[in-house]
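The next block holds one structure in the form of structure tokens; read it before the comments.
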Amino acid sequence: MREFEFTVQYESGADDLMDLFVETPSLYARSQACFANADAMWRIDRIVGPSDVLDRLDDLYLDESICNECLDMEQCSSTREYQLLDAGPEHRLVYTRRQEIDRCHSIPYLAVDYVGDGVLFDAERSGDEYVWRVLMPEATPVGELYDAIERNLRDGLTLELGHVGGIDGWRGDDAFDADLTVEERRTLQAAVNAGYYRTPRETTVGELGERLDVPRSTVQYRLQRAEGKAVEQFADGSL
């Protein structure tokens, strides 16, 4: 098996749902499970973000008249079902089931068409990016799938190739994401991106504070909280 990673980028105004992610850097969504065959697709997504933004997101994400991941919106006539499984001030857990996916040019439909039934996905949204990882057999014609995705992009969407290769840290349990507050996750992500956890460290707490425009003590507190939750999650699942 190998994975194919690629990113669909959205211009402002090209998609109402993605516009919320573009406008809100701390808004983040990731699939906990996503499966498809020739007849239907099922997925569960966890979304974290500010409470006021999540209230706006509900109106878009749970509207069954809208395909919230179609590449060619105007051509989609699939049957959709969205259900809110869990909700809190800063998180949502949403179930999606879509039938007749052959009528809709979405990533799962195209992947099934080129890879076959039982294809497995990992997907995340943040900013203007919708990042997909597809787990597939070694002999899959990746170039044909990439070209098919690119052909079906409507105006305002562009495709960028990530990598094709060995399976690299395929995600399992996402329970940890549910425990982090929006600010803890934002701070932890900034620390990872800036090399705070590399050896030797490539940034300091003070520099992270300047980058995030918050006091040093606040960054330190949020990192300690996030790290504590990560250790507890690891211990519960591994020890």
In the chain, what percent of the accessible surface is made up of carbon and sulfur (1.4 Å probe, ligands and nucleic acids excluded)?
46
For the chain, what does the accessible surface come to per residue with a 1.4 Å probe? Please give it in Å².
49
Overall Cα dimensions of the range 1-75, principal axis frame, Å, largest first
39, 28, 22
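With the contact rule set at Cα under 8 Å and sequence spacing of 6 or more, what percent relative contact order holds for the chain? Intermediate results must be reported in sequence, preceding the final value.
Values: 436 pairs, mean separation 62.0, N = 239.
For the chain, the relative contact order is 26 percent.
The values are calculated or read from the model by the stated rules, or taken from the named source; none is laboratory data. Not measured: the values here are computed from a predicted model. Surface areas here come from the heavy atoms of the whole protein model, side chains and all, with no ligands, DNA or RNA. Shrake-Rupley method; radii C 1.70, N 1.55, O 1.52, S 1.80 Å.
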